[in-house]
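**Q** Structure below; questions to follow.
The values are calculated or read from the model by the stated rules, or taken from the named source; none is laboratory data. Bear in mind the structure is a predicted one, so any value in this text is a computation, not a measurement. Note that we place each Cβ from the backbone using ideal geometry, even for glycine, and neighbour counts take in every protein chain shown. Heavy atoms of the whole protein, side chains included, go into the accessibility calculation; ligands, DNA and RNA do not. Shrake-Rupley method; radii C 1.70, N 1.55, O 1.52, S 1.80 Å.
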Amino acid sequence: MTSDHSLLRLLHLCCLSLQLIALIGASDDSSPTSIISRFQQYLRINTAHPTPSYYEAADFIISQAKSLSLDHQTIEFRKNKPLILLKWPGKNPYLPYILLNSHTDVVPVETNKWAHPPFDAHIDSSGNIYARGTQDMKSVGLQYLEAIRKLQKFGFEPTRTVYLSFVPDEEIGGHDGAGMFAESDVFEKMNVGIVLDEGLASPDENYRVFYAERSPWWLVIKARGAPGHGAKLYDNTAMENLLKSIENIRRFRASQFDMVKAGLRVEGDVISVNMVFLKAGTPSPTGFVMNLQPSETEAGFDIRVPPTYNEEFLEKKIAEEWAPAARNMTFEFKQKVPVFDKWGKPVLTAANNSNPWWVLLAEAVQKADGKLGKPEIFPAATDARSFRQLGFPAIGFSPMANTPILLHDHNEFLNQAEYLKGVDIYVSIIKAYASYEGQADDSASKDEL
Ligand SMILES: *[C@@H]1O[C@H](CO)[C@@H](O)[C@H](O)[C@H]1NC(C)=O
Ligand SMILES: *[C@@H]1O[C@H](CO)[C@@H](O)[C@H](O)[C@H]1NC(C)=O
Ligand SMILES: [Zn+2]
């Protein structure tokens with residue numbers, strides 16, 4: 001054999017071992033580069049309404065599940081809206097399960113208002129990843145999976161079963177996603193003990209955490225009155241009657257907002273009322289008839305009511321002050337999510353020592369060097385409501401500190417270091433939750449995945 005030959009053989013061997021290393025790396029890869037690259041892959045799938053690529057997202061999630069040997073199931077409670085359910089079986093099937101929920105859909109974008117294309121997942125020189133869904137909430141969905149990947153690498157075996165649901169539809173109300181899921185037989189058989197769902201980014205160093213959310217009440221008020229000449233002064237016109245209501249509602253809005261401005265309350269603790277439309281006037285070819293007082297006027301309001309608020313008090317206010325029949329006014333709700341559940345209790349999850357899941361979460365975040373802010377009421381609606389309404393504890397949490405709140409905004413981004421830190425936060429939380437042996441349940445587990 002010439003020396004050339006042995007050199008070739010050596011090179012060949014080298015190549016083989018390099019290939020082997022590459023193979024091993026691919027099946028068990030928790031390097032930051034791989035974690036970020038998987039996040040980018042998920043972000044590049046355009047799941048924006050009104051035509052979300054749900055099946056592409058499903059394929060991606062299932063490929064991740066396979067790489068982690070998780071059981072997977074695709075359920076369409078509504079046709080063409082797949083929900084992906086993954087399961088990491090625990091050693092003790094009698095303990096209530098953990099459900100890690102995230103939604104796969106995102107809100108639409110105005111591409112030309114973005115500095116980087118919203119489905120490219122471009123990373124700038126500061127490490128900020130730009131894409132629709134970086135904050136809301138593809139980050140969280142994939143962080144759950146990355147945390148499981150790390151836990152598996154450490155050899156951790158869950159005692160309690162962990163489920164992951166990737167649900168559709170959240171951004172258009174959630175009914176065909178988490179809503180139908182929570183009401184389903186599949187869910188009932190899952191024996192869920194705790195649900196984790198989304199939170200919000202935090203501009204300071206403390207993560208935000210949510211134990212409840214405000215209920216949306218979409219109110220339309222109508223006033224009727226005798227029409228008349230635009231020059232005539234007379235009482236009880238439709239416009240006058242509506243304006244009295246609007247003045248009253250504005251005073252109430254200011255009283256709530258003032259408490260937030262003064263720092264006495266946070267946003268989720270007050271009732272928000274915003275006028276979203278105003279409909280009045282008699283149309284003419286050039287705009288509106290100017291010398292005629294109309295006989296009908298209408299206004300719409302988006303109202304958000306915290307669960308700590310007395311619903312009857314607000315109902316009374318609407319009926320007696322905002323749309324009183326005595327002023328020839330009527331009202332209707334386009335949507336009215338009850339503040340109380342079917343047992344008459346406010347829809348919230350205890351965020352104190354009475355709830356072991358709360359205590360475990362707070363401890364786990366701290367152990368992973370994270371800081372947690374005071375628990376809050378989520379100002380808008382999330383899927384967590386569907387679970388809380390049925391009496392299941394649900395905590396809203398997205399580990400994004402030092403991050404401007406950009407959900408639904410242009411140039412939504414998340415820094416890659418913050419994303420990686422979030423993975424470690426979930427490693428700590430999932431480990432604590434899946435090891436927790438308290439709150440045993442007598443009924444045998446009935447699920448068949
Ligand atoms: C309500 O409508 C009735 C009938 O059109 C009218 O007589 C009355 O003055 C109106 N009242 C108010 C307060 O607008
Ligand atoms: C814990 O929070 C729940 C719900 O807010 C409340 O009803 C309960 O009194 C609190 N318990 C303790 C020990 O603070
Ligand atoms: Zn969301």
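**Q** Quick check: pseudo-label points 7 Å beyond the Cα along Cα→Cβ at Thr74 and Asp120, how many nm apart are they?
**A** Between Thr74 and Asp120, the label points sit 3.0 nm apart.
**Q** Mind listing the long-range amide H neighbours of Gly228? Cut-off is under 5 Å, sequence gap 5 or more, other chains count too, H placed in the peptide plane at 1.01 Å from N.
**A** Counting only residues 5 or more places away or on other chains, the set is Gln293.
**Q** Return the sequence-ordered ³J(HN,Hα) values of segment 285-296 in whole Hz as given by the Karplus equation 6.51 cos²θ - 1.76 cosθ + 1.60 applied to θ = phi - 60°, using x for Gly and Pro.
**A** x, 10, x, 10, 5, 8, 10, 9, 8, x, 9, 9
**Q** What percent does the relative contact order of the chain come to when contacts are Cα pairs within less than 8 Å and at least six residues apart?
**A** 24 percent
**Q** Counting other Cβ atoms within 10 Å, keep those with at most 11, restrict to DSSP loop, and tell me which chymotrypsin sites (Phe, Trp or Tyr not before Pro) in segment 395-431 are left.
**A** Taking segment 395-431 and a limit of 11 other Cβ atoms within 10 Å, no loop chymotrypsin sites (Phe, Trp or Tyr not before Pro) are found.
**Q** Leaving out ligands and nucleic acids, and using a 1.4 Å probe, what accessible area per residue does segment 165-321 come to in Å²?
**A** The answer is 49 Å² per residue.
**Q** Going down the table (Lys91/Lys189; Lys81/Lys342; Lys316/Lys345; Lys222/Lys317; Lys66/Lys153), which pairs top 22 Å between alpha carbons?
**A** Over 22 Å Cα-Cα: Lys81/Lys342.
**Q** Follow-up. Which net charge results when you count Lys and Arg as +1 and Asp and Glu as -1 among the other residues whose beta-carbon is under 11 Å from that of Arg388?
**A** In short, -2.
**Q** May I ask you to list the chymotrypsin sites (Phe, Trp or Tyr not before Pro) in segment 217-247 that are in a DSSP loop and have at most 12 other Cβ atoms within 10 Å of their Cβ?
**A** Tyr234
**Q** Okay, moving on. If you add up the charges near Leu43, with Lys and Arg at +1 and Asp and Glu at -1, over every other residue whose beta carbon is less than 9 angstrom from its beta carbon, what do you get?
**A** Neighbourhood net charge equals +2.
**Q** Then there's this: Go ahead and estimate [θ] at 222 nm for the chain from helices alone: -39,500 (n - 2.57) per DSSP H run with n ≥ 4, summed, over the residue count, rounded to 500.
**A** -10000 deg cm²/dmol
**Q** State whether segment 166-245 is rounded, prolate or oblate according to the following rule on the C-alpha gyration tensor (a ≥ b ≥ c being the square roots of its eigenvalues): a/c under 1.5 gives rounded; otherwise a/b larger than b/c gives prolate, and the remaining case gives oblate.
**A** Prolate is the answer for segment 166-245, as a/c is 1.5 or above and a/b outweighs b/c.
**Q** What are the principal axis extents of the Cα atoms in the chain, in Å, biggest first?
**A** Between the extreme Cα coordinates on each principal axis of the chain lie 113, 57, 44 Å.
**Q** Treating the angle as unsigned and between 0 and 90°, give the value, to the nearest 10°, between the Cα long axis of helix 238-261 and the longest Cα principal axis of the chain.
**A** 40 degrees
**Q** Then there's this: I need to check one value: relative contact order of segment 73-157, counting alpha carbon pairs closer than 8 Å and at least 6 residues apart, in percent.
**A** That works out to 22 percent.
**Q** Whole angstrom only: what separates the Cα centroid of segment 74-98 from the Cα centroid of segment 217-265?
**A** If we compute the Cα centre of each part, the gap is 48 Å.
**Q** While we're on this one: Hand me the GluC sites (Glu not before Pro) from segment 185-282 located in a DSSP loop with no more than 11 other Cβ atoms within 10 Å, in residue order please.
**A** Glu205
**Q** Let me ask something else. If you line up the long axis of helix 54-67 against the longest principal axis of the chain, both from Cα atoms, how many degrees apart are they, to the nearest 10?
**A** Result, in degrees: 30.
**Q** Then there's this: I want the local charge near Leu406. Using Cβ-Cβ distances under 9 Å, sum +1 for each Lys or Arg and -1 for each Asp or Glu among the other residues.
**A** Around Leu406, the charge tally is -3.
**Q** Suppose a student asked you for the relative contact order of segment 277-343, using Cα pairs under 8 Å spaced at least 6 residues apart; what percent would you report?
**A** 24 percent.
**Q** Working with all protein chains in place, sort Trp343, Trp358 by solvent-accessible area computed with a 1.4 Å probe, largest first.
**A** Trp343, Trp358
**Q** Give the carbon-plus-sulfur fraction of the accessible surface of the chain in %, rounded to a whole number; probe 1.4 Å, heavy atoms of protein chains only.
**A** 54 percent
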